[in-house]
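To start, the structure itself, in structure tokens.
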Amino acid sequence: AQSVAQPEDQVNVAEGNPLTVKCTYSVSGNPYLFWYVQYPNRGLQFLLKYITGDNLVKGSYGFEAEFNKSQTSFHLKKPSALVSDSALYFCAVRDSHNAGNMLTFGGGTRLMVKP
Amino acid sequence: DAGVIQSPRHEVTEMGQEVTLRCKPISGHDYLFWYRQTMMRGLELLIYFNNNVPIDDSGMPEDRFSAKMPNASFSTLKIQPSEPRDSAVYFCASSAGQGILPGEQFFGPGTRLTVL
């Protein structure tokens, strides 16, 4: 079975400060990991993914995420937050042992960036 | 590409009525997903299709819910009869399989359903 956890319902940061949104996962095989962002009244937008290779993945809007196999984590990071980054962020995982293309999403973390 | 298209964007109906939500996936994508999002339960996968065939419908809440994909460019999610607890935002997403590797899913704008 595949599962993902986002331990923080909300993260507050000041504009210009670095931000981290946490994600941990559980799979029996190898993980395929994704981050999505949702702005108000919009669908989810893909930010980045880790499939294999370099543990540091760079994505859209200056976001990056680091895959840590020993800690089973895939935290989302950005060096300098913008007010416009305020949104709902979802981590998702697929187990390599699972056929098909089904992702399991975390509960989401609301990021609030204050000026 | 126009992206994933969903209609209607908003639907208000009365309890007991039939509701049909529509989705047009991105051309060339062979996977289609239906999700439901509520404050209480977050984002839930209802059903997904591969090459127009339903693969996993274990997330469909009950027999009142049904989904079809008659061709590669169209899918429907039907609720009959609808109940107030079905009120939610329903998202359709599509993706392209990449062999054994998963492709990212592209989401539509969603249909906000309100059942009175």
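Every number in this text was worked out from the coordinates using simple rules, so none of it is lab data. All values reported here derive from a predicted model rather than from experimental measurement. Glycine also receives a Cβ, built like all others from the backbone with ideal geometry; neighbour counts cover every protein chain displayed.
Regarding chain B, what whole-number volume in Å³ per residue does the convex hull of its Cα atoms give?
97 Å³
Along each of its three principal axes, how wide is the spread of alpha-carbon positions in the range A:64-115, in whole angstrom units, largest first?
Cα spread of the range A:64-115 along its principal axes, largest to smallest: 44, 22, 14 Å.
Taking the Cβ of residue B:112 as the center, what net charge do the other residues with Cβ under 11 Å away carry, scoring Lys and Arg +1 and Asp and Glu -1?
Once all neighbours under 11 Å are counted, the net charge is 0.
Taking each residue in A:34-44, count the Cβ atoms of any other chain within 10 Å of its Cβ, then average. What number comes out?
4
My understanding is that a pair violates if its Cα-Cα distance is over 18 Å; which of A:22/A:77; A:49/A:114; A:49/B:24; A:78/A:114; A:58/A:78 do that in this structure?
Flagged as over cut-off: A:49/A:114; A:49/B:24.
For residue A:25, what charge total do you get from the other residues with a beta carbon under 14 Å from its beta carbon, if Lys and Arg give +1 and Asp and Glu give -1?
Surrounding charge for residue A:25 is +2.
Rg and Dmax in Å for the range B:1-52, alpha carbons only: what are they?
Taking only Cα atoms of the range B:1-52, I get Rg and Dmax of 13.2, 37 Å.
Choose one answer from B:105, B:17, B:37: the residue with the largest mean-square fluctuation in a GNM of chain B with alpha-carbon springs under 10 Å.
Most flexible of the set in this elastic network: B:17.
Set the Förster radius R0 to 22 Å, insert the Cβ-Cβ distance between residue A:54 and residue A:20 as r into 1/(1 + (r/R0)^6), and round the FRET efficiency to 0.05.
Working: r = 19 Å, r/R0 = 0.86.
Approximately 0.70, to the nearest 0.05.
Please compute the net charge surrounding residue B:38, taking Lys and Arg as +1 and Asp and Glu as -1 over other residues with Cβ under 12 Å from its Cβ.
+2
How big is D, in µm² s⁻¹, for chain A by Stokes-Einstein at 37 °C and 0.692 mPa s if Rh is the Kirkwood radius over C-alpha pairs?
It comes out at roughly 232 µm²/s.
Would you kindly calculate the translational diffusion coefficient of the protein assembly as shown, applying Stokes-Einstein with the Kirkwood radius from alpha carbon pairs, for 20 °C and a viscosity of 1.002 mPa s, and quote it in µm² s⁻¹ without decimals?
118 µm²/s
Which is the longest stretch in chain B that no exposed loop site breaks, taking sites as trypsin sites (Lys or Arg not before Pro) with a DSSP loop state and at most 15 other Cβ atoms within 10 Å? Don't skip to the end; give the middle numbers.
On the way: sites that count: B:9, B:41, B:64.
After excluding every exposed loop site, the longest remaining stretch is B:65-116.
With a Förster radius of 45 Å, plug the Cβ-Cβ distance of residue A:30 and residue B:7 into 1/(1 + (r/R0)^6) and report the FRET value to the nearest 0.05.
Efficiency for this residue pair is about 0.75.
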